[in-house]
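One structure below.
The values are calculated or read from the model by the stated rules, or taken from the named source; none is laboratory data. Note that the structure is predicted; figures quoted are calculated from it, not measured. Here Cβ is always computed from backbone atoms with ideal geometry, including for glycine, and neighbour counts include all displayed protein chains. Quick note on the areas: whole protein, heavy atoms, side chains included, nothing else; ligands and nucleic acids left out. Shrake-Rupley method; radii C 1.70, N 1.55, O 1.52, S 1.80 Å.
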Amino acid sequence: MTFAEKLYNLRTQYGYSQETLAEKLCVSRQAISKWEMGTTLPETEKMIAISDFFDVSIDYLLKENFIVNKGENLDRVVMKFLGSAQDMDKISKELVDIMRDGMIDDKEKLRMDEIVDTLDAITQIINEIKLKMDM
């Protein structure tokens, strides 16, 4: 998952609009939009602010195939999973809405791609839990 996708997922997971997140980070809404579209990346100080704001590592934000820090304890990984798992109810309702009319338009295809990315991230967290439990 790219930085743009991760930022979008974090923002929507926490229920922030682009405008609200922009205010919290002291940037323009357009900057958030460009970051989420992947046309630009934030400057270092803003990347740190995003990391602090969402309580995620900069490694997580920037690395597409992020592997959990071996020093991170199982409790923290489980808490990440529980935070992500809350999205599952919302995702299942969205999928039902998308499939209700039996046709998937372009906007719905894009949303389904985002849902797949979210599910991939949850799967990665589950795999991290498995690794931690085997340690």
- Message: Keeping all protein chains in place and using 1.4 angstrom, which order do 41, 74, 61 fall into by accessible surface area, from largest down?
- Response: 41, 74, 61
- Can you work out the FRET efficiency for the pair residue 26 and residue 51, with r the C-beta to C-beta distance and R0 = 22 Å, to the nearest 0.05? 0.90
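What range in the chain is the longest one free of GluC sites (Glu not before Pro) that are in a loop by DSSP and have at most 11 other Cβ atoms within 10 angstrom?
Numbers: sites that count: 43, 64.
The segment 65-135 is the longest one with no such site.
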- Note on the structure: 1/(1 + (r/R0)^6) with r = Cβ-Cβ of residue 64 and residue 39, R0 = 22 Å, i.e. FRET efficiency to nearest 0.05, evaluates to 0.80
- Note on the structure: Going residue by residue through segment 54-61, the Karplus relation 6.51 cos²θ - 1.76 cosθ + 1.60 with θ = phi - 60° gives ³J(HN,Hα) values, rounded to whole Hz and with x marking Gly or Pro, of 9, 6, 10, 7, 5, 4, 4, 5
- Per-residue ³J(HN,Hα) for segment 118-124, Karplus 6.51 cos²θ - 1.76 cosθ + 1.60, θ = phi - 60°, Hz, x for Gly and Pro: 4, 5, 4, 5, 5, 4, 4
